[in-house]
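Quick note: the coordinates plus some simple rules give every number you see, no bench work behind them. Given the structure is predicted, the values throughout are model-derived calculations rather than measurements. Cβ coordinates were reconstructed from backbone atoms using ideal geometry, including for glycine residues, and neighbour counts include every protein chain displayed.
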Amino acid sequence: MRKMLFLFAILSLCGKVLAGELEYYKLYTPQDGMSAEEIMQIKYHNKYSLFAKDYYLPYCEVYYVDASGFTRKKIAKRFRIVKGGEDGISYKDLVVITYPTEIKGLAILTWTYEDPNKSQDVWLWVPSLKKVRKISASEDDDAFMGSDLTVEEVSTRKFEDESYRLIGEENFKGYKFEHTAEIKFEGEPCFVIECVPKQLHWYYAKRIIWVTKSTGGNIFEEYYDKNGKLFKTIFRDWAIYERGIKNYPTQHAVECKDLRTGHRTTVLNLEQEYDKGISEQEFTVKALMRSKW
Amino acid sequence: MRIILFITLITMVLPLRIFALQLNDSIDYAGFLKMEIRLKNNTDNSHQHLSGLKNTFDIGFDYKLSENWSFFFHPRFFYDFAYDIREQEEFDRTQHYMGHTQRTEWLRDCYLDYNSDNLDIRLGKQQVAWGHMDIPILDKVMPFDLTNWFLPDLADMRIPLWMAKIDYSPKLNSTLQFLIIPDFEASRVAPPGAPFSFSAYNNFYNLTQSLPILVGTVPFNTYLNNIYVDTIFPSKQFENSTFGVRFSSMLGNLEYTLNWLYGFTTSSYLYEEDTVATFVPGAPPHIELSSYNSRRFKRVQMMGLSFAKSFVDPGLLEGITLKGEFAYIHDEPTYYGTSGSRELTEVSDKYNWGIAIEKDVVKNTTLSLQLIQFIVDKDKRVDPTTGTVYKVLDTSTYGVIDKVETSIALKLMTDFMYERVKPEITVIYQEDNQGRIVPKVGVELRDNLWLKIGYAHFYGRPDSSNGQFRNNDQLMMEVKYTF
């Protein structure tokens, strides 16, 4: 009995966040009794897949749907390598557009630094120039590739950017995923956390997020303006991708609705893979120049 | 018998089916059909309003042969109907050159690619771009198609060449690039009479059309009767290849390159070879002159460097990207003379440099500001026979230019409606109050249907590089269907 208790205690510790920063390449799951900060650290760890050495998304469909139902589509590939703080870099990310043809080949290489105060380094392969352009990082509140999502919602928001308060725990009411009209995550046990941006006069005054206990992923977010009015929601379809002994928390879909315009963006992440052994050479300017389009 | 037939059929068809499946998995293609319309807002340059009705078909195939090997094939054809439906002699004369795809230029890319971690090799017809600036300083590897001045995209202006490009990375983010270019193509310029033909070319053509010209009266009337120009291309030998080396690396997040290029100029330069005088007895006796000239391409050497850095640390400079490049060109042929008249062609060293600052200024809006200087080492030459002092000339207009020519380029880009509408404006200002202003807006009508509308305004003295096109202000429209 003692041995079992000891083993149980060890296993529990493995899943818990130890004091300080989370370690790269390790999996963490939120536990009852954790603080809002601890849960959010895990959420960011999962968002940027810092639990894996690399991430490969061969097929990502993005739908832009306006209030009238008019739909546009983009298809992209995404690669990420987690540097784990080597040379001050947290991770390197590469997005390559494959559709529509007009922008086929457009590639965006970003290096994200561990220091939360540092901006990203960004390179762009521009098909109309057949040239790599070093560009300034977009502002965090700029639209990400013309979507309803902002740059920080996709790639730059960090744990240090907000202060957190645990509102409570509840079973999620469910979300109707507009793309397929399915009801998702109904009754899913979640932590509910209020996040307030540290930056003054930001594009939102606070957001309320639902983080699932099973994956540590933020399945739903509500954005409020300074008048307390809800203006935007983001749904993220988190699930566990089982691969051998490692279970990877994975975002299969994202749906962002702008309640002011009725426009929504739906992202479908298909056939994702982790720890494929992607070479770091794929995240260089030279690799961008391989583009044919 | 039936079974034998069935098995035979299966054995014949199955490999084909498997092959087709493999082909489908490994082949990627994309292309477009595009119609461009150009309407000039005046006709005082011997052209009517419609200066372009160009239809383009473009398709690219990427065939992945294996994990490391792939083959890319990319043809493009165009036909400009404006040259057919117009009646003006000046314009129609250029139809054979401007109205359709020239010679082998239909093949934009055709190369075999080998990619591995440390070594990339690209063999075949392709284009290479060096440098960071929007106005080419180091971007001198390829010849340029200047038939529409600098209005098209740079990727469409570069004329691809057959070459070997080898990129070797001894370590991460450091690459040594070798270029061996046995192919040679001259930069294309618009023929006399076309909308964007250089004024120097137009003037020369007009001169040839007005022969004979009385050039002297003592002791007899002397007429210039003939002008012969022989263009001499570099002979097709390996030693006439262009060779290039580029080393690129990073210091922290400062990216830099060191470049070296050795090869023939992509533009030809005019040299007087001989003038033959023939005495013609008769009533009245006179002298007839025949001028023999050549256009030659000369070997030059370029050395240069470029850098780019984004300021990522918090502070005043955060969010700014700084870029720059410098090129030293040794012994480039240069024209000297008086305004409108070229007298000498001599080599001179050139020092060209530019610096650019780029920043996201407001939401989704990027501002780029560039300062560029073209410096010629010897801006004056003395004619050894007459002692006359000649000044350096603009190659395209024969207008006198300064030792240091400064340009400022400003580009503002933004987008609206979830990136469906993308306006941008480019303003080029050059010394002597000349330049061009080009506002454009691109609209995504459907995923596969795009509309672009723009306007090009040129200003400046008629003998300045942009001012020579001051009567060429035009509205540009483009509809593109992609697949």
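Rounded to the nearest 0.05, what FRET efficiency do B:LEU449 and B:ASN41 give with R0 = 25 Å and r taken as the Cβ-Cβ distance? Could you check?
On the way: r = 27 Å, r/R0 = 1.09.
The pair B:LEU449/B:ASN41 has a calculated efficiency of 0.40.
Can you give the extra length, in nm with one decimal, that the chain gains between B:ILE213 and B:GLU90 once fully stretched, where that is 0.36 nm per residue apart less the Cα-Cα distance? Mind showing how you got there, number by number?
Details: separation 123, 0.36 × 123 = 44.28 nm, distance 2.18 nm.
Full extension of this stretch gives 42.1 nm more.
So if each residue of separation counts as 0.36 nm, and I subtract the Cα-Cα distance between A:ARG260 and A:THR71, what length gain in nm does that give? Intermediate results must be reported in sequence, preceding the final value.
Working: separation 189, 0.36 × 189 = 68.04 nm, distance 1.79 nm.
Answer, rounded to one decimal: 66.3 nm.
What's the extension gain from B:ILE357 to B:SER290 if we count 0.36 nm per residue and subtract their Cα-Cα distance?
Working: separation 67, 0.36 × 67 = 24.12 nm, distance 5.31 nm.
Difference between extended and current length: 18.8 nm.
Which loop-located trypsin sites (Lys or Arg not before Pro) does segment A:210-293 contain, where loop means any DSSP state but H, G, I, E or B and the Cβ has at most 16 other Cβ atoms within 10 Å?
Values: sites: A:LYS213, A:LYS226, A:LYS229, A:LYS232, A:ARG236, A:ARG243, A:LYS246, A:LYS257, A:ARG260, A:ARG264, A:LYS276, A:LYS286, A:ARG290, A:LYS292; in loops: A:LYS213, A:LYS226, A:LYS229, A:ARG260, A:LYS276, A:ARG290, A:LYS292.
In loop regions of segment A:210-293 (DSSP not H, G, I, E or B), the sparsely surrounded trypsin sites (Lys or Arg not before Pro) are A:LYS213, A:LYS226, A:LYS229, A:ARG260, A:LYS276, A:ARG290.
Between the DSSP loop rule and a limit of at most 16 other Cβ atoms within 10 Å, which GluC sites (Glu not before Pro) in segment B:63-94 are left?
On the way: sites: B:GLU67, B:GLU87, B:GLU89, B:GLU90; in loops: B:GLU67, B:GLU87.
When the GluC sites (Glu not before Pro) of segment B:63-94 are filtered for loop state and at most 16 Cβ neighbours within 10 Å, B:GLU67, B:GLU87 remain.
Rounded to whole Hz and in sequence order, give me ³J(HN,Hα) for segment B:53-69 from the Karplus expression 6.51 cos²θ - 1.76 cosθ + 1.60, θ = phi - 60°, writing x for Gly and Pro.
In residue order, the calculated couplings are 9, 9, 10, 10, 10, 9, 8, x, 10, 10, 10, 7, 7, 7, 4, 9, 10 Hz.
In chain B, which longest range has no trypsin sites (Lys or Arg not before Pro) that are both DSSP loop (not H, G, I, E or B) and surrounded by at most 10 other Cβ atoms within 10 Å?
On the way: sites that count: B:ARG103, B:LYS236.
That gives B:237-483 as the longest site-free run.
Enumerate by residue number the GluC sites (Glu not before Pro) in segment A:250-293 meeting two conditions: DSSP loop (anything except H, G, I, E, B), and at most 10 other Cβ atoms within 10 Å of the site's Cβ. Could the numbers behind the result be given before it?
On the way: sites: A:GLU255, A:GLU271, A:GLU273, A:GLU280, A:GLU282; in loops: A:GLU271.
Taking segment A:250-293 and a limit of 10 other Cβ atoms within 10 Å, the loop GluC sites (Glu not before Pro) found are A:GLU271.
Would you mind checking segment B:365-384 for residues with the amide N under 18 Å from a putative spin-label position 7 Å along Cα→C-beta of B:THR406?
B:369-377, by backbone N distance to the label point.
So which of A:LYS83/A:LYS158; A:LYS292/B:LYS64; A:LYS286/B:LYS34; A:LYS53/A:LYS131 end up more than 22 Å apart by C-alpha?
Working: A:LYS83/A:LYS158 16 Å; A:LYS292/B:LYS64 12 Å; A:LYS286/B:LYS34 31 Å; A:LYS53/A:LYS131 29 Å.
Cα-Cα > 22 Å for A:LYS286/B:LYS34; A:LYS53/A:LYS131; rest within.
Suppose R0 equals 41 Å. What FRET efficiency, 1/(1 + (r/R0)^6) with r the Cβ-Cβ distance, do B:LYS64 and B:ILE375 give to the nearest 0.05? Numbers along the way, then the final one.
Values: r = 47 Å, r/R0 = 1.14.
Computed FRET efficiency for B:LYS64 and B:ILE375: 0.30.
Quick check: from the Cα gyration tensor, does chain A come out rounded (a/c under 1.5), prolate or oblate?
Details: a/c = 1.61, a/b = 1.23, b/c = 1.32.
Oblate, because a/c is 1.5 or more while a/b does not exceed b/c.
Roughly what % of DSSP beta bridges within the protein assembly as shown run antiparallel, to the nearest 5? Please list the in-between numbers first.
Numbers: 281 of 294 bridges.
Counting DSSP beta bridges with both partners in the protein assembly as shown, the antiparallel share is about 95 percent.
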